[in-house]
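K.L.:
Structure provided below as structure tokens; questions to follow.
Computed from the coordinates by the stated procedures, all read-outs in this text should not be read as laboratory data. Everything quoted here is computed from the prediction, not taken from an experiment. Neighbour counts run over all protein chains shown; Cβ positions are idealised from the backbone, glycine included.
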Amino acid sequence: MELYNGRPENTEGRLPREVRTYDYLDSLGIEYKRTDHERADNMEACNVIDSVLGVVICKNLFLCNRQKTAFYLLMMPGDKKFKTKELSSQIGSSRLSFAEPDDMLSLIDIEPGAVSIMGLMNDKEHHVQLLIDEDVLESEYVGCHPCVCTSSLKMKTSDVIEKFLPSTGHDYIKVHLVGED
């Protein structure tokens, strides 16, 4: 795997959602590093990519309440365990579960395995609430997929918070996850 500055020179054969991600980041003047790789749709595969990017790729979970009236995108360090009870109490939403792939596709234009904060650019109606673990916010850089699981990006956390999120009209809720048994 190689590390590149910015978008691929040739976008032929790449999905439109990936190309839109690069277009969006470029329009905001957000600098990013990129690596292309085999399908990485679990944290084990992402650990190899982490070493190339020099950053821990976030675990991104797409969640909903039981009634499917509230959707959440949770960004947390990949090495933490997710406990629904721990998160539910902080956001006042009981019975959290993983959202259906159809909801993921219709709301943020992402398929399972490629969930990423970048999908919020596709959530024009603001149906998804972003939740970010405090440890992610304290990191200088964040790693994520560009809406596909065959490439990964590294960018400054401050650019994501101060440029990307405001441009999408999304805010975030900071959460504290311990992730221990």
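K.L.:
In percent, what relative contact order does region 4-175 have, based on Cα pairs under 8 Å that are 6 or more apart in sequence? Intermediate results must be reported in sequence, preceding the final value.
P.N.:
On the way: 302 pairs, mean separation 46.9, N = 172.
So the answer I get is 27 percent.
K.L.:
Do any GluC sites (Glu not before Pro) in region 96-181 lie in a loop, going by DSSP, with at most 12 other beta-carbon atoms within 10 Å of their beta carbon, and if so which? Could you put the intermediate results ahead of the total?
P.N.:
Values: sites: E125, E134, E138, E140, E162, E180; in loops: E125, E140, E180.
Answer in residue order: E125, E140, E180.
K.L.:
Continuing with this model, one more query. If I stretch the segment between Q90 and K68 completely, what's the gain in nm (0.36 nm per residue apart, minus their alpha carbon distance), one decimal? Each step should come with its number before you reach the end.
P.N.:
Details: separation 22, 0.36 × 22 = 7.92 nm, distance 1.84 nm.
Difference between extended and current length: 6.1 nm.
K.L.:
Moving to a separate point now. Compute from the Cα atoms of region 4-175 the Rg and the Dmax, the latter being the longest Cα-Cα distance, and quote both in angstrom.
P.N.:
15.0, 46
K.L.:
Could you work out [θ]222 nm for the chain from helices alone, using -39500 (n - 2.57) per DSSP H run of at least four and dividing by all its residues? Round to the nearest 500 deg cm²/dmol.
P.N.:
Rounded to the nearest 500, the figure is -7000 deg cm²/dmol.
K.L.:
So what's the net charge close to P77: Lys and Arg +1, Asp and Glu -1, counting the other residues with Cβ under 12 Å from its Cβ?
P.N.:
Numbers: positive: K59, K80, K81; negative: D50, D79, D133, E134, D135, E138.
With Lys, Arg at +1 and Asp, Glu at -1, the net is -3.
K.L.:
Rounded to the nearest 5, what % of the DSSP beta bridges within the chain are antiparallel ones?
P.N.:
On the way: 18 of 28 bridges.
That works out to approximately 65 percent antiparallel.
K.L.:
Any aspartates and glutamates with Cα under 17 Å of the K174 Cα? List them, leaving off those in the same chain fewer than 8 positions away.
P.N.:
Reachable aspartates and glutamates: E86, D133, E134, D135, E138, E140, D159, E162.
K.L.:
Now for a separate question. Can you flag which of K33/K81; K33/K68; K81/K156 are past 30 Å Cα-Cα?
P.N.:
On the way: K33/K81 27 Å; K33/K68 35 Å; K81/K156 24 Å.
The answer is K33/K68.
K.L.:
Across 10 Å bins from 0, what is the distribution of all Cα-Cα pair distances for region 129-181, in whole percents?
P.N.:
Each 10 Å bin holds this share of Cα pairs: 21, 51, 25, 3.
K.L.:
Moving on to the next point. Looking at the chain as a GNM with Cα springs under 10 Å, which of T157, T69, T84 has the largest mean-square fluctuation?
P.N.:
T69
K.L.:
Hey, how many Å between the Cα centroid of region 165-179 and the Cα centroid of region 119-135?
P.N.:
Their Cα centres are 7 Å away from one another.
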